[in-house]
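Colleague: Below is a structure I'd like to ask you about.
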Amino acid sequence: MNRPYLVGEWRLRAAMTLAVVVPLLVALLLAWYASAQRPEAPQPLVLTPAASISTSQVDALFARYDYLWPPVTGVPAIAVKRLPPGMGDLPVEQRKSLFFRMLLPLVVVENQRLQAEREWLQALHADGAYAASQQLKSLAAEYRLDPSLPSDELLESLLQRVDVVPVALVLAQAANESGWGTSRFSREANNLFGEWTYQAELGLLPQRRPQGATHYVRRFDTLRDSLRSYLHNLNSGKAYESFRRIRAEMRVQGQELEPLRLAEGLLRYSARGGDYVREIQLMIRNNGLNTLGPLDLRR
């Protein structure tokens with residue numbers, strides 16, 4: 001008498017179980033597939049640190065790797081942590097050569113890091129489900145954007161900010177701001193680009209700070225830290241929206257990033273405005289920086 005009832009109950013329970021399990025399995029399968037297709041975040045790049053005890057020792061180290069200026073066989077993956085003393089005692093051309101060679105590996109590796117982040121963002125365009133990830137929101141906050149923006153708008157805004165800065169422009173600004181590595185702030189604070197801070201514990205007191213001013217010159221642990229901060233400043237600071245707009249226009253038009261043109265977006269980098277821009281452009285031309293070809297690191 002109870003058998004038909006038991007069979008019917010079993011069938012009902014089986015159907016209810018399948019109704020729950022099958023969608024769950026499908027969801028897990030789709031999540032696995034999305035994860036398999038998901039672009040990986042870029043990994044940090046490594047340079048071999050080198051202590052800079054003296055200018056002659058740094059020069060000898062570079063000679064071991066046949067690292068000349070301008071480079072002809074690539075750039076060795078060496079990170080000089082701070083400027084050696086005595087830069088101001090070197091003949092002008094030797095000082096320039098050493099200064100550029102110390103900075104160049106740092107610029108190349110930091111641009112590679114930015115390019116890797118940019119390619120990761122570009123890959124996310126094809127992965128809408130992942131575009132609202134926590135990782136993306138963290139990157140947005142890092143670049144001073146509102147993480148709650150719609151995914152498409154957030155990606156577009158990030159792609160305008162997460163991009164490289166031409167080597168020629170970086171080297172020219174570093175040389176200008178640091179006096180070719182002879183300024184007090186470059187020697188004592190590893191500050192190559194004249195960046196400020198309003199936190200006394202993070203900076204050095206300028207000897208000629210105007211009365212009433214409260215800024216300090218930012219102190220960095222290494223030259224690479226100074227470079228990374230400078231790049232982030234250009235890529236996220238409100239004062240450099242013009243710089244980023246010019247760069248984005250070049251990208252849209254499929255052009256190479258032209259340092260002389262991009263320098264025009266630095267009017268607000270210095271109180272000297274247009275005179276500063278023209279000085280940077282002149283330094284690029286006079287030192288042949290705009291003739292540097294593609295550069296990569298070598299072991």
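The values are calculated or read from the model by the stated rules, or taken from the named source; none is laboratory data. Since the model is a prediction, treat every value here as computed from it, not as a measurement. Ideal geometry is used to build each Cβ from the backbone, glycine not excepted, and the neighbour counts take in all protein chains shown. Calculation scope for accessible area: heavy atoms of the full protein, side chains included, ligands and nucleic acids excluded. Shrake-Rupley method; radii C 1.70, N 1.55, O 1.52, S 1.80 Å.
Colleague: For region 85-99, give me each residue that is open to solvent by 20 Å² or more (accessible area, probe 1.4 Å) and in contact with a Phe, Trp or Tyr (Cβ under 6 Å, 6 or more places away or on another chain).
Modeller: Taking region 85-99 as the starting set, the residues that turn out to be open to solvent by 20 Å² or more (accessible area, probe 1.4 Å) are 85-86, 88-97.
Passing the criteria: ARG95, SER97.
Colleague: Here is a list of conditions, (1) in a loop (DSSP other than H, G, I, E, B); (2) open to solvent by less than 20 Å² (accessible area, probe 1.4 Å), and TRP69 meets all of them except one; can you say which number that is?
Modeller: (2)
Colleague: Could you say which residue among SER178, SER148 is more than 14 Å from the chain's Cα centre (by Cα), of a type in the set (Ser, Thr, Tyr) and open to solvent by less than 20 Å² (accessible area, probe 1.4 Å)? Reasoning before the result, please.
Modeller: Values: SER148 fails: open to solvent by less than 20 Å² (accessible area, probe 1.4 Å).
Among SER178, SER148, only SER178 is more than 14 Å from the chain's Cα centre (by Cα), of a type in the set (Ser, Thr, Tyr) and open to solvent by less than 20 Å² (accessible area, probe 1.4 Å).
Colleague: Inside region 196-218, can you point out the residues that are of a type in the set (D, E, K, R) and either touching a residue at least 60 places away in the same chain (Cβ under 8 Å) or buried (at least 19 other Cβ atoms within 10 Å of the Cβ) (or both)?
Modeller: Looking only at region 196-218, we keep the residues that are of a type in the set (D, E, K, R), and these are 201, 208-209, 218.
Selection gives ARG218 alone.
Colleague: Another question, if that's okay. Six or more apart or on different chains, Cβ atoms under 9 Å: show the pairs whose first residue is in region 134-153 and closer than 22 Å to ARG228 by Cα and in contact (Cβ under 8 Å) with a residue 60 or more places away in the chain and whose second is open to solvent by 60 Å² or more (accessible area, probe 1.4 Å) and of a type outside the set (A, V, I, L, M).
Modeller: As it stands, the answer is ARG144/LYS238, since those pairs meet every condition given.
Colleague: What are the residues in region 256-283 that are outside any helix (DSSP H, G or I) and either over 23 Å from the mean Cα position of the chain (by Cα) or among the aromatic types (Phe, Trp, Tyr) (or both), if any? Reasoning before the result, please.
Modeller: So in region 256-283, the residues outside any helix (DSSP H, G or I) come out as 256-258, 267-273.
Within region 256-283, TYR269, ALA271, ARG272, GLY273 meet the criteria.
Colleague: Could you please tell me which pairs satisfy a Cβ distance under 6 Å, a separation of 6+ or placement on different chains, a first residue in region 252-279 that is without any contact (Cβ under 8 Å) to a residue 40 or more places away in the chain and among the polar types (S, T, N, Q), and a second residue that is surrounded by 18 or more Cβ atoms within 10 Å (Cβ to Cβ) and in a helix (DSSP H, G or I)?
Modeller: Listed by first residue and then by second, the contacts come to SER270/TYR276.
Colleague: Within region 39-95, work out how many residues are among the acidic types (Asp, Glu), modelled with pLDDT of 90 or more and over 22 Å from TRP180 (Cα atoms). Spell out how you get there, then give the answer.
Modeller: Taking region 39-95 and keeping what is among the acidic types (Asp, Glu), we get 40, 59, 66, 89, 93.
Checking which are modelled with pLDDT of 90 or more leaves us with 59, 66, 89, 93.
Those still in the list that are over 22 Å from TRP180 (Cα atoms) too: 66.
The number of residues fulfilling the criteria is 1.
Colleague: May I pose another question? Look at LEU124 and say whether it is surrounded by 14 or more Cβ atoms within 10 Å (Cβ to Cβ), farther than 22 Å from GLU241 by Cβ and touching a residue at least 40 places away in the same chain (Cβ under 8 Å). So that I can check it myself, show each step before the final result.
Modeller: Working: surrounded by 14 or more Cβ atoms within 10 Å (Cβ to Cβ): yes; farther than 22 Å from GLU241 by Cβ: yes; touching a residue at least 40 places away in the same chain (Cβ under 8 Å): yes.
In short, yes.
Colleague: Please count how many residues of region 181-222 are farther than 15 Å from SER270 by Cα, outside any helix (DSSP H, G or I) and either charged (D, E, K, R) or under 20 Å from the mean Cα position of the chain (by Cα) (or both).
Modeller: 10
Colleague: With respect to GLU241, determine if the residue is in a helix (DSSP H, G or I) and under 20 Å from ASP163 (Cβ atoms).
Modeller: Numbers: in a helix (DSSP H, G or I): yes; under 20 Å from ASP163 (Cβ atoms): yes.
Answer is yes for this residue.
Colleague: Same structure again: For TYR230, which of the numbered conditions (1) of a type in the set (Phe, Trp, Tyr); (2) over 15 Å from the mean Cα position of the chain (by Cα); (3) within 17 Å of SER178 (Cα to Cα) fails to hold?
Modeller: Just one mismatch for TYR230, condition (2).
Colleague: Going residue by residue through region 225-246, is there one that turns out to be under 22 Å from PRO85 (Cα atoms) and either open to solvent by 10 Å² or more (accessible area, probe 1.4 Å) or touching a residue at least 40 places away in the same chain (Cβ under 8 Å) (or both)? Can you show your working first?
Modeller: Step one: of region 225-246, the residues under 22 Å from PRO85 (Cα atoms) are 225-227.
So of that shortlist, the ones also either open to solvent by 10 Å² or more (accessible area, probe 1.4 Å) or touching a residue at least 40 places away in the same chain (Cβ under 8 Å) (or both) come out as 225, 227.
Checked region 225-246: at least one residue is under 22 Å from PRO85 (Cα atoms) and either open to solvent by 10 Å² or more (accessible area, probe 1.4 Å) or touching a residue at least 40 places away in the same chain (Cβ under 8 Å) (or both).
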